[in-house]
Amino acid sequence: MERNVNWLRDRIEQIPKFTRYYVFACAILSLLVTTGYVRVESVFFHTYTVFKDHQYWRILTSFLYHGPLDFRLFINLYYFTSNCSMLENGHFRNRTGLFAFFTLFCVAIIVLISSVLAPTHQFPFLSQSLTSAITYYSSKAPENRFGNVLIAGLLPIPAQYTPWVLFIVNNLVGTKNWDELKGFVAAHLFFYFEQIFTDPFLAGPKVNDIWDRIKSLFSSQDSEAGQLDDRPQFQMDDHED
């Protein structure tokens, strides 16, 4: 029994910090909603309620709620943990502050899009959009972009096109989830500013300086933390079907 507890504790400690805290918060919120301590009507995103009635907590809870406490929640959090951990331990390794900035950037863009489209579309929960943003940016990261991912273990797809392939397949089989597009837009904007727009041959030193100043606000302590962080990388699955 003690050996199993120690194994579970070691596995949890291997999950990078930001991913671990986010998944824990998601599980706690789902537990509170499932047990009736929190009403689901009080956690979804609604533009009028958030900005007119000043219920700003809905912005946070709409990104944390992945559904009631059931098997589907377990699958969603497993998928999120796998992708988010690989991104945090890969492209953003030893740069937790910058990863937090990436997440806040995506949250802001997703909220903006949802607010603009609110008159014609309802977006109760935004957690799927954030998951899509992380998956999309992970596929665009330099260390993953030119690799291949096996779809259903058979069809090799270039990693940078995997989010779009999965989106098309899901819509063809009847699972229409347009929330993913908001995540794609948010992640692509960050990718554009991070790796294309700030290219010295395209943007020049002034744009680079502005972007570097913004990132430095979030990553000032990452260099010291990186020297002390020698934990093994957390890997749940090398390929997502």
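None of the figures in this text is laboratory data; all of them are computed from the coordinates on show. Predicted, not measured: the structure shown is a model, and the values here were computed from it. Cβ coordinates were reconstructed from backbone atoms using ideal geometry, including for glycine residues, and neighbour counts include every protein chain displayed.
Could you give each residue of segment 23-38 its phi-based ³J(HN,Hα) in whole Hz, using Karplus coefficients 6.51, -1.76, 1.60 with θ = phi - 60°, and x for Gly or Pro?
Once θ is set to phi - 60°, the couplings for segment 23-38 become 5, 4, 5, 4, 5, 5, 5, 4, 5, 5, 5, 5, 7, x, 6, 10 Hz.
Ranked highest first by average number of other Cβ atoms within 10 Å, how do 56-69, 32-45, 158-171 line up?
For the peptides 56-69, 32-45, 158-171, the packing ranking is 56-69, 158-171, 32-45.
Nearest 0.05, what FRET efficiency do Gln14 and Leu189 give at R0 = 35 Å with Cβ-Cβ as r?
Here the calculated transfer efficiency is 0.70.
Restricting to Cα pairs below 8 Å that are 6+ residues apart, what does the relative contact order work out to for segment 30-99? Please round to a whole percent. Display every interim value, and only then the final one.
On the way: 43 pairs, mean separation 17.2, N = 70.
Result for segment 30-99 is 25 percent.
Tell me which residues come under 5 Å, amide H to amide H, from Phe125 once H is placed; ignore anything under 5 positions away on its chain.
Here the answer is Phe45, since their amide H atoms fall under 5 Å of that of Phe125.
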